[in-house]
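What follows is a short report on a single structure.
The values are calculated or read from the model by the stated rules, or taken from the named source; none is laboratory data. What you are looking at is a predicted structure, and each value in this text was computed from that prediction instead of being measured. Cβ atoms come from the backbone with ideal geometry, glycine included; neighbour counts cover every protein chain shown.
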Amino acid sequence: MKYVLDTNVLLDFFIVRDKKRHDDCAKVIRKVKDGEIRGIILGVVVAETVWVMKSVYDIDRKLISKTIKPLMQMKGVEVIEKYDWSKVFGVYGETKVKFVDAMIANIKQVRERKWKVVSYDREFDKLGVIRVEPGDVVMG
């Protein structure tokens with residue numbers, strides 16, 4: 001199974017905002033690194049993660065780069081940029097979900113429920129995709 005990692009998963013992995021969430025996200029990333037699961041990361045999720053780390057947490061650019069680059073080069077990570085833009089804008093225009101969430105939910109494999117979205121964001125539940133929290137991936 002492939003799992004699309006949402007921004008909050010990456011943030012909770014890199015920054016200990018909540019100990020339990022950090023531990024669960026670290027275990028998910030470890031499963032990706034060990035090849036137990038395949039982690040899908042969207043470029044827009046990386047951009048959003050970098051933006052939050054810099055603008056909200058004021059983390060130095062060099063540290064952000066040094067922290068995120070190894071994740072992107074990890075053997076079990078696949079970076080994709082394939083969206084159905086018509087569906088993305090349709091969902092975004094008709095709902096109150098964040099634009100990035102509309103993008104994630106409208107990746108063909110996510111929309112067809114072949115890939116699961118790993119996120120704490122319950123907004124995905126309204127979009128008909130399979131959402132699991134990091135703790136669910138760790139237990140599975």
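Examine the stretch 128-138 for a residue that is at pLDDT below 95 and more than 21 Å from K27 (Cα to Cα), and state whether such a residue exists. Yes: one or more hits.
Which residues, taken from the stretch 103-126, are farther than 22 Å from V79 by Cβ and either aliphatic (A, V, I, L, M) or without any contact (Cβ under 8 Å) to a residue 24 or more places away in the chain (or both)? Scanning the stretch 103-126 gives R122, D125. For the stretch 46-70, a residue qualifies if it is surrounded by 10 or more Cβ atoms within 10 Å (Cβ to Cβ), of a type in the set (S, T, Y) and within 14 Å of I15 (Cβ to Cβ), and the qualifying residues are T49, Y57, T67. Residues of the stretch 38-60 that are in contact (Cβ under 8 Å) with a residue 40 or more places away in the chain, out of contact with any Ser or Thr (no Cβ under 6 Å at 6 or more places or on another chain) and within 14 Å of V100 (Cα to Cα): L42, V44, V52.
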